[in-house]
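A short write-up of the structure that comes next.
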Amino acid sequence: MAQQRTRGLRSRPRRDFLRASGALSGGFILEISLSGASFAAPARGIPATINAWIRIGSDNSITFVCARSESGQGVYTSLSMLIAEELEVDVNAVKVEFAPVAPVYGNALLGAQMTGASTSVREAWDKLRTAGAAARMMLVAAAAQSWNVDVAQCRTANGSVFGPGKKKATYGQLAAAAARMPVPENIALKPASSFKTIGNPKQKRLDTPAKVKGQAQFGIDVQVPGMLYAAVAMAPAIGARVASFDDARARAVPGVKAIVQYGRGIAVVADSWWQAKGACALLKVRWDEGPLATADQKSIWEGLRNAIEQPGRVFREIGDVDAAMAQAVKTVDATYRLPFLAHAGMEPLNAVADVRRNRAIIYAPTQFQQLVPHVVAAVTGLKPSQVELQTTFIGGGSARRIEVDYIVDAAEISKAVGAPVKMIWSREDDMTHDAYVPAGVVGLSAGVDPTGKALALRFNATSPPIPREVYPDIAGDAATNHIDNFAYAIPALKIAFQAHDTGVTAGGWRGASHNLNAVALECFIDELAAAAEKDAIFYRIDMLEAGGERTLSLRMKHALEEARLRSGWGKPLQGGRGMGVAIAASSNTVVAVVAQAMVSPDYAVTIEKVTAVVDAGILVHPDQAMAQVQGAIVQGQSACMWGEISIRNGAVEQTNFDTYRVARMHQAPKLIDVQFIRSDSAPGGLRVPVVAAIQPAIGNAIFAACGKRCRTLPYTPENIKGYI
């Protein structure tokens, strides 16, 4: 038996090495300087760095340094459009590079250099337009100085500056001089009426050609000289560790170079991944069972159910709920139960690590650039400044790659073998070692008056906590997502949350707790409407207070009205069909969704049509905005109709897409109709509120179709059948 063969550092528990990052222990200060540094004149042939986001070559090439991760959501294009609009260049000619780790590239809405929570365009809206406008003004100043004319006599168009007397200079000709110009203090941005690039409905994605041709580099595509491949054997039970292992048969496989024990398990390193994976299957590992060896889903549900009986942390309270309940003529009570969900990205987790004596280079599809140098330093003995990160395209993020555990694994393995290593998790590794969307239980109780109007509402929720170390500035209030902007006018209100650690690793998804709170609240509001025998849309509208032009209540009313008209709400439906509505507000966006479902006699559900009305401000890239909403609808449908991770004997039962189902093409809604409300307001986020709204809309449609109020997700025939 081989025992403890790790040649590198033993891995510390996740929370330990995350705490090792001093950069995350205090407040994150975002550097907002447009220049980012004092740039010297470039050498001949080297592009001039105008500011932290823009480089211009003497050949008139424009390079945009993109500080957000591209996981299919379109920031590669939409953020380039912000730069191109103010810089007065053709966005299709802009080259894009992913940014290195640096304070100037921080996300001010999240407090760190990371991508998530539908913040990319919102956070960049003013910043990148200002960067483009400043660069343009510096180019004009350089031209004016060269021509000895006033800047007011110059104009820009199509990557050139034009002056009096038919003077013209390309940006490439002016870039070196412009880089030495002072950054303008007063920068006027274009009004929306002058936009040429922003809002262009015909703009194609900039990354599509490279992806179609196989030229785009995802993490799984990275190749470096001398690279080996690693497959891993990880504990079947959550929290288990290697007790001992026998690797004799695995070592005999051709191509195997090394077998090492690292913090999470055993890695087989070979000339190819398939060699490593084949050898990995031959390992004989004895596992220390760990603290959750006997845990099962039933005990997890019991723990969560008991937790909502605790007082919890009250984070919103209006009026006297007890007194209002005593005056009610009727009470309505419900408890909703929502399962753990997997991220199930198309690209399994992977990273390439090249750990050397005094330097490490990491190539990874990551959403949290700022954290990577610190966690790699913690397990290699290097300093964070000695760790270089190169971000790649991501084949599916949804916040899973805000976690950096897989990068730590790759770094440990590379250090142990003394060579660059590409570590790839199999689909089964990925599915069974996720940072799962938290399961939750939400208890609701409302007292109503004789007309069915709610006088009081109690909302008690519980779920596993989101790790503060991974989500430094959003974890504390993650439990309040969707409920923190509660817009319904109820005289007495008490909203509380009780964290309950199940032992199962929890992480973000499309938002943190939107998918607990939105489902429970919007289904419960539907229950109140049904109890009052009121129309579900008008019941909601009546509960929304009037306000100013852009108040949340007014925006929600408008979206609901548009959804009612556009969906054909209220028309008679036959054959086990019904419509359900829900509304969600998040990321400066309001979404009203109407789903039409057909429920068969055996309670199989088919989603026939989804109508979504979206108030998201200015659409930077309308075509991609449409794709985002459509994709979010299908993603939310997958989650609420089939998504469920369950635990048995401390291990995740679902291992691949045969047991963890997502919507196939023939199961997606037959029609998705999306209407964007025209607005000149700043852009909002899209995916989080749409995913939050479609799930309760489907649940409410099921009730309308068959009369069964399913409060246990997913909406499987078995779960629906279990309700009266």
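The values are calculated or read from the model by the stated rules, or taken from the named source; none is laboratory data. Just so we're clear, the structure is a prediction, and the values are computed from it rather than from any experiment. Here Cβ is always computed from backbone atoms with ideal geometry, including for glycine, and neighbour counts include all displayed protein chains. Ligands, DNA and RNA are stripped out before the accessible areas are found, and what is left, the full protein with its side chains, is counted by its heavy atoms. Shrake-Rupley method; radii C 1.70, N 1.55, O 1.52, S 1.80 Å.
Select from the range 418-465 the residues that are among the acidic types (D, E) and out of contact with any Leu (no Cβ under 6 Å at 6 or more places or on another chain) and write down the one among them that is nearest to I490 (Cα to Cα).
Only one residue tops the list, namely D434.
Condition (residue is part of a loop (DSSP other than H, G, I, E, B), open to solvent by 20 Å² or more (accessible area, probe 1.4 Å) and in contact with a Ser or Thr (Cβ under 7 Å, 6 or more places away or on another chain)) applied to the range 273-289: is it met by at least one residue?
Checked against the condition, which is being part of a loop (DSSP other than H, G, I, E, B), open to solvent by 20 Å² or more (accessible area, probe 1.4 Å) and in contact with a Ser or Thr (Cβ under 7 Å, 6 or more places away or on another chain), the range 273-289 yields no hits at all.
On the given criteria, is D59 touching a helix residue (DSSP H, G or I) at 6+ places or on another chain (Cβ under 7 Å) and of a type outside the set (A, V, I, L, M)?
Values: touching a helix residue (DSSP H, G or I) at 6+ places or on another chain (Cβ under 7 Å): yes; of a type outside the set (A, V, I, L, M): yes.
Criteria met by D59.
Can you tell me which residue is farthest from G74 (Cα to Cα) among those in the range 115-126 that are open to solvent by less than 20 Å² (accessible area, probe 1.4 Å) and in contact with a Lys or Arg (Cβ under 6 Å, 6 or more places away or on another chain)?
Once the filter is applied, the top-ranked residue is T115.
Name the single residue that is modelled with the lowest pLDDT among those in the range 559-602 being among the charged types (D, E, K, R) and more than 14 Å from D673 (Cα to Cα).
Within the range 559-602, the first condition is being among the charged types (D, E, K, R), and the residues that meet it are 561-562, 564, 566, 571, 577, 602.
In the following step, the residues that additionally are more than 14 Å from D673 (Cα to Cα) were identified as 561, 571, 577, 602.
Numbers: E561: 98, K571: 94, R577: 98, D602: 97.
That would be K571.
Hey, A326 hits all of (1) surrounded by fewer than 19 Cβ atoms within 10 Å (Cβ to Cβ); (2) of a type outside the set (K, R); (3) under 28 Å from the mean Cα position of the chain (by Cα) but one; which does it fall short on?
Result: A326 fails condition (3) only.
In contact (Cβ under 8 Å) with a residue 40 or more places away in the chain, over 30 Å from L619 (Cα atoms) and buried (at least 16 other Cβ atoms within 10 Å of the Cβ), is that true of A179? Working first, answer last.
Numbers: in contact (Cβ under 8 Å) with a residue 40 or more places away in the chain: yes; over 30 Å from L619 (Cα atoms): yes; buried (at least 16 other Cβ atoms within 10 Å of the Cβ): yes.
So A179 passes the test.
Restricting to the range 77-114, give me the number of residues that are open to solvent by less than 40 Å² (accessible area, probe 1.4 Å) and either of a type in the set (D, E, K, R) or at positive phi (or both). Give the derivation first.
Step one: list which residues in the range 77-114 are open to solvent by less than 40 Å² (accessible area, probe 1.4 Å), which gives 77-89, 91, 94, 96, 99, 102, 104-107, 110-114.
Subsequent filtering for residues that are either of a type in the set (D, E, K, R) or at positive phi (or both) retains 85-86, 88, 111.
The number of residues fulfilling the criteria is 4.
Testing P225 on (1) surrounded by fewer than 17 Cβ atoms within 10 Å (Cβ to Cβ); (2) under 26 Å from A435 (Cα atoms), one condition comes back false. Which one is that?
Of everything listed in (1) surrounded by fewer than 17 Cβ atoms within 10 Å (Cβ to Cβ); (2) under 26 Å from A435 (Cα atoms), P225 misses just condition (2).
Across the range 662-713, what is the total count of residues that are among the hydrophobic types (A, V, I, L, M, F, W, C), open to solvent by less than 10 Å² (accessible area, probe 1.4 Å) and not in a loop (DSSP other than H, G, I, E, B)?
Adding up the residues that qualify gives 10.
Exactly one condition in (1) outside any helix (DSSP H, G or I); (2) out of contact with any Ser or Thr (no Cβ under 9 Å at 6 or more places or on another chain); (3) open to solvent by less than 50 Å² (accessible area, probe 1.4 Å) is false for L206; which is it?
Going through the list (1) outside any helix (DSSP H, G or I); (2) out of contact with any Ser or Thr (no Cβ under 9 Å at 6 or more places or on another chain); (3) open to solvent by less than 50 Å² (accessible area, probe 1.4 Å), L206 breaks only (2).
Which one is farthest from A112 (Cα to Cα) among residues in the range 319-365 that are part of a loop (DSSP other than H, G, I, E, B) and of a type in the set (D, E)?
Per the criteria, the residue is D320.
Report, ordered by the first and then the second residue, all pairs with beta carbons closer than 6 Å, sequence separation of six or more or different chains, a first member in the range 325-342 that is under 30 Å from R648 (Cβ atoms), and a second member that is open to solvent by less than 30 Å² (accessible area, probe 1.4 Å) and in a loop (DSSP other than H, G, I, E, B).
L338/L713; P339/A439; F340/A439; L341/G643; A342/D434; A342/Y660
Within the range 239-258, which residues are within 23 Å of T505 (Cβ to Cβ), open to solvent by 30 Å² or more (accessible area, probe 1.4 Å) and assigned to a strand (DSSP E or B)?
In the first step, residues of the range 239-258 are kept if they are within 23 Å of T505 (Cβ to Cβ); the result is 239-243.
If we keep only those that are open to solvent by 30 Å² or more (accessible area, probe 1.4 Å) too, we end up with 239, 241.
R241, the sole residue that qualifies.
Out of the range 145-166, which residues are touching a strand residue (DSSP E or B) at 6+ places or on another chain (Cβ under 8 Å) and open to solvent by 40 Å² or more (accessible area, probe 1.4 Å)?
Correct list: S146, W147, Q153, R155, F162.
Checking F315 against (1) over 30 Å from A250 (Cβ atoms); (2) surrounded by 16 or more Cβ atoms within 10 Å (Cβ to Cβ): exactly one of these is not met. Which one?
(2)
Residue under question is V183, and the condition is that it be of a type in the set (V, I, T), touching a strand residue (DSSP E or B) at 6+ places or on another chain (Cβ under 6 Å) and either on the phi < 0 side of the Ramachandran plot or not in a loop (DSSP other than H, G, I, E, B) (or both); does it hold? Steps first, answer last, please.
Values: of a type in the set (V, I, T): yes; touching a strand residue (DSSP E or B) at 6+ places or on another chain (Cβ under 6 Å): no; either on the phi < 0 side of the Ramachandran plot or not in a loop (DSSP other than H, G, I, E, B) (or both): yes.
When the stated conditions are applied, V183 does not pass them.
Among the residues that make up the range 622-641, is at least one of them assigned to a loop (DSSP other than H, G, I, E, B) and either of a type outside the set (S, T, N, Q) or under 27 Å from Y488 (Cα atoms) (or both)?
Start the filter on the range 622-641 by keeping residues that are assigned to a loop (DSSP other than H, G, I, E, B), which leaves none.
Checked the range 622-641: no residue is assigned to a loop (DSSP other than H, G, I, E, B) and either of a type outside the set (S, T, N, Q) or under 27 Å from Y488 (Cα atoms) (or both).
Taking interchain pairs and intrachain pairs at least six residues apart, which have beta carbon atoms under 8 angstrom, with the first residue in the range 501-529 and without any contact (Cβ under 8 Å) to a residue 60 or more places away in the chain and in a helix (DSSP H, G or I) and the second open to solvent by 10 Å² or more (accessible area, probe 1.4 Å) and among the aromatic types (F, W, Y)?
Taking only residues 6 or more apart or on different chains, the pairs are I525/Y488; I525/Y539.
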